[in-house]
Amino acid sequence: MARVSQAHLDARRRQILDAAALCFARNGFHATSMQDVLKEADLSAGAVYRYFRGKDELIAAIVSEVLDEVRAAFEAAAGQSPPPSPDVLVAAVLGRTLALRESLTLDDGVPAFPRLVVQVWSEIPRNDELGAVLREGYGQVRAAWGRIVEAYQDAGAMRRDVPPDHVARTMIAAVLGFIAQQSLFGPAPVDVLRDGLRGLMSMAGGVPGS
């Protein structure tokens, strides 16, 4: 029997994950069956179960992949002196994350990724394993953002009386909120988030009377 190349294995795994992401975004986690994933991927049960034992493993793999990409990007930024400004950095990382998944669209042409993110978060109260994956992943992203904020503070670009973790949590909240808005109101370019952050950053003197 001919040996299957790693490239082939990686491509097949990608095919399965993309099919699952589309199904979860379209129908939700609970309404999606493994049969739905098989049909979307156009693969046999044996081909899919070789990689994943069920829906829980599929959603955990999708989430881990995205968070690993985001964490790596922010950790790389933390190593720069100084890192790019928050508006530029967030737009670059989110833009890259969305671009890697722009081919994933639902039947009406709407991007699947924002809807998938909302489905994942709605599943947390019912799925302890998924919650653990998200806590670990976002904990690493928070830590990377904390180091970025410390670098801003060391460079004199950000006030030191604000805890780095508070800024980190706020930046994560801004990104997640922007993604949730896309799911609700429709697609919007990352320039919207970038410009909004840029506007807030311009208030160096604060609001008079505050």
Packing-based order for 82-91, 141-150, 60-69, using average beta carbon neighbours within 10 Å, highest first: 141-150, 82-91, 60-69
Charge dipole (the chain, unit charges on Cβ, about Cα centre) - positive-most of S103, I179, L58: L58
Dipole of the stretch 1-155 [Lys/Arg +1, Asp/Glu -1 at C-beta], most positive-end residue of P84, Y49, S33: Y49
Diffusion coefficient, µm² s⁻¹, Stokes-Einstein with Kirkwood Rh over alpha-carbon pairs of the chain at 37 °C and 0.692 mPa s: 174 µm²/s
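Accessible area per residue for the stretch 73-164 in Å², computed with a 1.4 Å probe and the full protein assembly in place, what is it?
52 Å²
Can you send over the carbon and sulfur percentage of the accessible area for the stretch 14-143, probe radius 1.4 Å, protein chains only?
52 percent
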Residue-averaged 222 nm ellipticity for the chain, from DSSP H runs of 4+ at -39500 (n - 2.57), nearest 500: -23000 deg cm²/dmol
Stretch gain in nm, segment N27-D10, where the contour uses 0.36 nm per residue and the Cα spacing is subtracted: 3.5 nm
Dipole magnitude of the chain, debye to nearest 20 (Cβ charges: Lys/Arg +1, Asp/Glu -1, about Cα centre): 160 debye
Area accessible to solvent at D56, 1.4 Å probe radius, in Å²: 80 Å²
Mean shadow area of the stretch 69-130, taken as a quarter of the surface of its Cα convex hull (nm²): 5.8 nm²
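Could you quote the convex hull projected area for the stretch 121-195, Cα atoms only and averaged over all directions, in nm²? Working shown, then result.
On the way: hull surface 24.9 nm².
Taking the Cα atoms of the stretch 121-195, their convex hull projects to 6.2 nm² on average.
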The chain: relative contact order as a whole-number percent, Cα under 8 Å and 6+ apart: 24 percent
Residue-span extension gain [L100 to Y51] - 0.36 nm each, minus C-alpha spacing: 15.5 nm
Axial C-alpha extent at least 15 Å, average Kyte-Doolittle at least 1.0 - helices from the chain (DSSP): 86-99
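The values are calculated or read from the model by the stated rules, or taken from the named source; none is laboratory data. In this text the structure is predicted, and so the values were computed from the model without any measurement. Here the Cβ is made from the backbone with ideal geometry for all residues, glycine too, and neighbour counts use every protein chain on show. Surface areas here come from the heavy atoms of the whole protein model, side chains and all, with no ligands, DNA or RNA. Shrake-Rupley method; radii C 1.70, N 1.55, O 1.52, S 1.80 Å.
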